[in-house]
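Undergrad: Supplied in C-alpha cells, the structure appears directly below.
The values are calculated or read from the model by the stated rules, or taken from the named source; none is laboratory data. Please read these numbers as outputs of a predicted model, since none were measured by experiment. Neighbour counts are summed over all protein chains in view; Cβ atoms, including those assigned to glycine, are modelled from backbone coordinates with ideal geometry.
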C-alpha cells in the first residue's frame, strides 16, 4: 500500500465516488513535484498513489481531485471544478486523506 492514500465518498449520492482522477504532489524548492497519479476505484479508494518502494518524506503535500470530470460524467452540475487539499507530513508514517464530496461542498480530514 502507498504511504499516502485517499478515499472519496459522494455524500449527495450516498456512495463511493469512482473514477476520480487524483494527482499527488510534494512541495520542493522551485514549486511542486508530481509524486503519483491515479483514479479512485469502484469503492472510491486510491491505494496506489505512491509506489510501494517509496517512503513519505517530511514536508508539504498536495492532493488534487478532478471533480469536474467526475460530476460531468454523472450529468451533475457542480460548483467546484477541482478540490485541492494541502497537508503536512511530519514523519514517514502512513497518511490517509479522505474526501467527502457533494456538488456544492466538500470536507476532508486525516483518516487512519
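Undergrad: Which one of these is exposed (fewer than 13 other Cβ atoms within 10 Å of the Cβ) and either touching a strand residue (DSSP E or B) at 6+ places or on another chain (Cβ under 8 Å) or part of a helix (DSSP H, G or I) (or both): 88, 25?
TA: Only one candidate qualifies: 88.
Undergrad: Filtering segment 91-105 down to residues that are farther than 22 Å from residue 11 by Cβ and over 16 Å from the mean Cα position of the chain (by Cα), which residue is surrounded by the most Cβ atoms within 10 Å (Cβ to Cβ)?
TA: So the residue we want is 92.
Undergrad: Still on this structure, please answer the following. Starting from residues that are outside any strand (DSSP E or B) and closer than 21 Å to residue 52 by Cβ, keep the ones in segment 91-112 and report whichever is modelled with the lowest pLDDT.
TA: 92
Undergrad: Evaluate the following for residue 78: is it without any contact (Cβ under 8 Å) to a residue 60 or more places away in the chain, surrounded by 14 or more Cβ atoms within 10 Å (Cβ to Cβ), farther than 15 Å from residue 39 by Cα and more than 12 Å from the chain's Cα centre (by Cα)?
TA: yes
Undergrad: Give the residue that is farthest from the chain's Cα centre (by Cα), with candidates limited to residues of segment 1-22 that are in a loop (DSSP other than H, G, I, E, B) and within 20 Å of residue 89 (Cα to Cα).
TA: Filtering segment 1-22 for residues that are in a loop (DSSP other than H, G, I, E, B) and within 20 Å of residue 89 (Cα to Cα), the one farthest from the chain's Cα centre (by Cα) comes out as 1.
Undergrad: Another question, if that's okay. For segment 34-69, name all the residues that are assigned to a helix (DSSP H, G or I), at pLDDT 95 or above and more than 18 Å from residue 86 (Cα to Cα).
TA: If the condition is that a residue be assigned to a helix (DSSP H, G or I), at pLDDT 95 or above and more than 18 Å from residue 86 (Cα to Cα), then 68 is the only one that fits.
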